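*Asks:* My structure is below; once you've seen it, I'll send some questions.
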Ligand code: FNR
């Protein structure tokens with residue numbers, strides 16, 4: 001049976017390249033992985049005070065959507081050589097209350113996306129730091145730094161080339177193996 005993978009996208013932009021890449025990924029390696037995007041745009045900024053008593057309903061829903069997943073895939077742009085605050089907020093919310101982290105032990109992988117040349121390397125590697133701390137086995141190889149993403153998508157947001165599909169299909173197949181080994 002295919003593994004259930006929660007996908008977090010680090011952009012809220014209507015025409016987001018990262019979102020388009022995530023949507024395309026959901027059509028690849030479908031026999032091994034079932035990708036579902038977990039929305040993070042409506043999560044109030046993390047404030048520990050709100051975890052006293054009953055936390056916001058959006059936090060509770062988000063946490064349960066992560067807990068129920070076999071694994072987590074991050075698809076993110078780079079903001080100022082790091083990850084967007086949106087994504088860090090979701091990571092912080094999932095990590096609390098203390099001792100009840102939704103992330104613990106979930107195998108994970110990162111696809112970083114940029115219209116520029118560097119494939120959002122800075123975001124990809126900054127993201128690894130909290131994931132390691134949160135005790136998530138982060139897939140090391142293969143890596144996915146998607147550069148010049150604007151050239152890889154057609155006007156409907158679909159991958160133009162078989163090479164891209166083949167590379168990212170291979171990435172997801174490796175991720176399925178990683179999940180099986182670390183789950
Ligand atoms: C950017 N962008 C950007 N790109 C990059 O490769 N490295 C960077 O450090 C940054 N920094 C940055 C900061 C901020 C605040 C914004 C808004 C943008 C450009 C970014 O890659 C581009 O806007 C992408 O299109 C964002 O991804 P989505 O929204 O298309 O998924």
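*Asks:* Pick from 38, 160, 66 the residue whose mean-square fluctuation is largest in a GNM of the chain, springs joining Cα atoms under 10 Å.
*Replies:* The residue that fluctuates most here is 160.
*Asks:* Now a separate question. Rounded to the nearest 500, what is the 222 nm mean residue ellipticity of the chain from helices alone, with -39500 (n - 2.57) per DSSP H run of 4+ residues and division by all residues?
*Replies:* -11000 deg cm²/dmol
*Asks:* For the chain, divide the Cα radius of gyration by the Kirkwood radius and give the resulting Rg/Rh value with two decimals.
*Replies:* Ratio of gyration radius to Kirkwood radius: 0.95.
*Asks:* Relative to the longest principal axis of the C-alpha atoms of the chain, give the angle of the C-alpha long axis of helix 85-94, reported between 0 and 90° and rounded to the nearest 10°.
*Replies:* Approximately 50 degrees, to the nearest ten.
*Asks:* Measure nothing fancy, just the Cα-based angle from helix 121-133's long axis to the longest principal axis of the chain, in degrees from 0 to 90, nearest 10.
*Replies:* 40 degrees
*Asks:* In whole Å, how far is the Cα centre of the stretch 1-77 from that of the stretch 163-183?
*Replies:* About 18 Å separates the Cα centre of the stretch 1-77 from the one of the stretch 163-183.
Since every read-out is calculated from the coordinates, none of them should be taken as a lab result. All of these numbers come straight from a predicted model, not from anything done at the bench.
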